1. Mind listing whichever residues of region B:5-19 are among the aliphatic types (A, V, I, L, M) and without any contact (Cβ under 8 Å) to a residue 12 or more places away in the chain?
2. Starting from region A:32-54, take each residue that is free of Cβ contacts under 8 Å to residues at least 60 places away in the same chain and within 19 Å of A:Leu82 (Cα to Cα) and list its partners that are basic (Lys, Arg) and more than 12 Å from ligand 2 (Cβ to nearest atom), counting only C-beta distances under 8 angstrom and pairs at least six apart or across chains.
3. Would region A:172-180 turn up any residue that is within 14 Å of chain B (Cβ to nearest Cβ) and either in contact with a helix residue (DSSP H, G or I) (Cβ under 8 Å, 6 or more places away or on another chain) or within 16 Å of ligand 1 (Cβ to nearest atom) (or both)?
4. When you go through (1) under 26 Å from the mean Cα position of the chain (by Cα); (2) within 14 Å of another protein chain (Cβ to nearest Cβ); (3) not in a helix (DSSP H, G or I) one by one for B:Leu394, which number turns out not to apply?
5. Would you check if there is a residue in region A:135-142 being out of contact with any helix residue (DSSP H, G or I) (no Cβ under 6 Å at 6 or more places or on another chain), at the interface with chain B (Cβ under 9 Å from one of its Cβ atoms) and within 28 Å of B:Glu399 (Cα to Cα)?
6. Given the structure, is B:Glu207 charged (D, E, K, R) and assigned to a loop (DSSP other than H, G, I, E, B)?
7. Considering every residue within region B:80-97, establish whether at least one is within 24 Å of B:Ala419 (Cα to Cα), in a loop (DSSP other than H, G, I, E, B), at pLDDT below 95 and in contact with a strand residue (DSSP E or B) (Cβ under 8 Å, 6 or more places away or on another chain).
Amino acid sequence: MLSIKNLHVKLEEEDKQILKGVDLEIEAGKVHAIMGPNGSGKSTLSYVLSGKEGYEVTDGSALLEGADVLEMEPEERAAAGLFLAFQYPVEIPGVGNMTFLRTAVNAQRKARGEEEMSAAEFLKAVRARAKELKIDADMLKRPVNVGFSGGEKKRNEILQMAMLEPRMCILDETDSGLDVDAMKLVAEGVNALRSEGRGFLVITHYQRLLDHIKPDVVHIMADGKIVKSGGPELALEVENNGYGDILAEVA
Amino acid sequence: MADAAEKISTTDARLGGLSLPAGGWSETARKDALARVQAMGLPERRDEYWKYTRPDTLTQADAVPAALFDNDEAPIFGEMERLNIVFVDGVFDAEASDDLSLEGVTIDRLAEAATDIHWARDLYGALETKGQDPVARPLAALNTAFATDGVLIHVTGNPSKPINLTYHHRSETSDAILHHVIRLDPGAEVTVLESGPAAARFNKCMEVEVADGATFHHVRAQGRDHERRAATHIFARLGTESVFKSFTLTANGVLTRNECVIELTGDDAVAHVAGACVGDGDFHHDDTVFITHDAVGCESRQVFKKVLRNGATGVFQGKILVKKDAQKTDGYQISQSLLLDDDSQFLAKPELEIYADDVACSHGSTSGAIDEDALFYLRSRGVPEGPATDLLTLAFLAEAVEEIENEDLRDEINDRLAAWLERHRS
Ligand SMILES: Nc1ncnc2c1ncn2[C@@H]1O[C@H](COP(=O)(O)OP(=O)(O)OP(=O)(O)O)[C@@H](O)[C@H]1O
Ligand SMILES: [Mg+2]
C-alpha cells in the first residue's frame, strides 16, 4: 500500500535535516503504529507524505500503490487515497463544516472521474457518521474547527476520514486531548474502517490507544529514523520503560 | 498661491463644459450648489481627503474614454421580481424601463418632474449641503448643480418589489451625472437595487431621507467594465427607530470612489454600510464613509472587505463622529483587505471622534494574505488549490456580504463573487 524507502527530508528554509533515512512498508489491511520521542520527526513524516510545503526531500522515495506521491500536489494525494488526521487540526473561520466536507468529498470524486454526491445523499451519510462519533448537528453547521474543543477537533478529523474513505490513513496523535470515552469513539471509528484494502499508520505516544486499535506492527522512531520495529509488545515496553533502553540498545 | 490658482483653473475648466439646467423647482438648489462648488473648488491630490485617490480623471474637463466591456453573464438581479428603471449612458430609457407605477411608491424622473410644488423640492441638494460639513465633497455639489437625470422616489408604504436601477454603458465617451432623491415616509419600507457600469465617467449622488420607523435597503453591484471611472455619493438622514442598510459589490474598475455620509438624527436609529470589492490589476477602489451620531441609542456598522491582486489598490477612509448628546451609541467599524500578492496595496484611515461619554465604539483595520495552513488543510482533503483559495476568499468576504438581509440578494452577490474569483485565478 505505502512503501517508503530511505526517505531523507530537510527543512527548505534552513539547513536542518529532519528525516534521515526512513524505511517503512505498510501493507493493505494492516495497522502500523509509530511511537517515538518528541521531535523525532513523526509529524514531519506525515506532513511530507501529505505534501505540506516547507520541506525538501533530499533522498529516497514514497510510493502509494506504486505511484510516486512525492511528485503529486496535496489534492492529488488525497484523491489517490491518502488521508492525514492532523495533530493540530486547522480552524477555518467563515467556511462551514458541512460545505467544507461536501466540497472535499465531491472534489475527490471529480478527480477520480466518479459521479458527485447529491446534497441529499451527502446529508444522509454525514448525519449517520456524525451520530456514531457523537458529533452534533450544531458542530456540523459551525465553521471548520472554530471554537471546537481539542477533543471535538479530533473527532471531526475522524468524521472527515469516514466520509472520504481513504485507502491509506495516517493518524497523527489523534488520541491526544481525548477523554477516555472520546478515545473509544475515535478507536471505534477507526476500527469500523479497517478492511482488507486499507492501510493505517497511527502515530501515538500512548499504549492506551493501541489497546483499542490493535496494531499489527509497532515502530520506534528516533532522530529521523525508524530504529526498531516489532509487534504490539513493543508499545507495552515503551509504556513501561520509556525509550531509554531501546535507544541505548540501538545506539 | 500657485495651488489655489491651479485649483481654480481645474474647477473652471470642468464647470465651463457644463450647463446649468434652467427653470423648474430645482433651479434654486442648483444655483446654490454651483456657488458651493465654485467656492470649494474641485478636489486635488493635495487635499487631505484625496490623499490616497487621484481625483484628476474625475475632475478634468472631459471624461477619459472607456472601452465597452463585453461579457455574456446574465444581468444581476435579473431573476427576481422587481420594478426596472433603466439608464443608458446616464439617460433614462423609457422603452427599456417598466411602467413606473407601483403601489406604495411614486416615482418621477428628475428631468421631467412637474414644475409645480414637488415633494423633492425641500430635499434636492439639502442632504448633500448638510454633508459638506465638516468635510467638503465638491463632486457631490457639482452633481447637484449639473445632474441631467435621475429618479425621485417617494415611498409611502411597502412596495411589493424592489426598485431596480440599471445603468448601461454604450458609448465609449459618455460622461454621466445622475442624482436620485428618495424619501421614505414614517414606517415605509423599500429596497433599491443598483447595477451596471453606467458610463465612461459616472458621477452619481443619492439623497435618502428615512423618516421615523422607516426601513431602507440598498444593494448595489458596480459593473465589471475595467476602464470605467466613478465617483458616487450617498447622503442619508435617519429618523427615530429607522433603519438604513447599504451594501456595495465592486468588481473591477480602474477608479471608483464611493462616499457614504450618514446622519443619525433620531433616537435608536440603525445604519449599516458594507462593501465587498474584488480587484485585479489596474483597479483602484476607495470607500469613504462618514457617520455622524447625533441622537441617543443609535447603532452604526461599517464593514468593508477588499480582495486585491496584481497591483490593485484599495482605500478605506471611515469615520464615526459621536456628538456630545449621542449617548448609548454603538459604533462598529472594520476594514480589511486580503492581498493575494505583494504588488497590491491597501490604505486605510479609520477615525473615531467621540464627544459623548457613554458610548461603545470599536474599529479595526487589517491587511493579510491567504492563510497557508488553512489552504493546506483544504488541499489535503482533496480540494484543489484554486477552489480552495476561492473558498477562503469568500469566507473572508462573508462578514460584509452577510450584511445583506435578503437571502436571495445575498446568494446572488455570493454567486457573482464566486464567478469572479474563478475567472481571476492565478
Ligand atoms: N517548519 C519547521 N521549522 C522548524 N523546525 C521544524 C519544522 N518542522 C519540524 N521542525 C523540527 O523538526 C523536528 C521534528 O519535528 P516533528 O514535529 O516531526 O516531531 P514529532 O516527532 O512529531 O514530535 P511530537 O511528538 O512532539 O509531535 C523538531 O525538532 C522540530 O522542531
Ligand atoms: Mg508530532
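1. Of the residues in region B:5-19, the ones among the aliphatic types (A, V, I, L, M) are B:5, B:8, B:13, B:15, B:18.
Within region B:5-19, B:Ala5 is the sole residue that qualifies.
2. Close Cβ pairs satisfying both conditions: A:Gly51/A:Arg77; A:Gly51/B:Arg379.
3. Yes, the conditions are met somewhere in region A:172-180.
4. (3)
5. no
6. No.
7. No: region B:80-97 contains no residue that is within 24 Å of B:Ala419 (Cα to Cα), in a loop (DSSP other than H, G, I, E, B), at pLDDT below 95 and in contact with a strand residue (DSSP E or B) (Cβ under 8 Å, 6 or more places away or on another chain).
Per-residue answers, yes or no, for (1) hydrophobic (A, V, I, L, M, F, W, C); (2) under 20 Å from A:Leu2 (Cα atoms):
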| site | (1), (2) |
| --- | --- |
| A:Leu178 | yes, no |
| A:Lys184 | no, no |
| A:Phe200 | yes, yes |
| A:Leu209 | yes, no |
| A:Pro215 | no, yes |
| A:Met221 | yes, yes |
| A:Lys228 | no, yes |
| A:Leu247 | yes, no |
| A:Val250 | yes, no |
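The values are calculated or read from the model by the stated rules, or taken from the named source; none is laboratory data. Only a predicted model underlies this, so the values are computations on that prediction, with no experimental measurement involved. Positions of Cβ are backbone-derived with ideal geometry, glycine not excepted, and every protein chain shown enters the neighbour counts.
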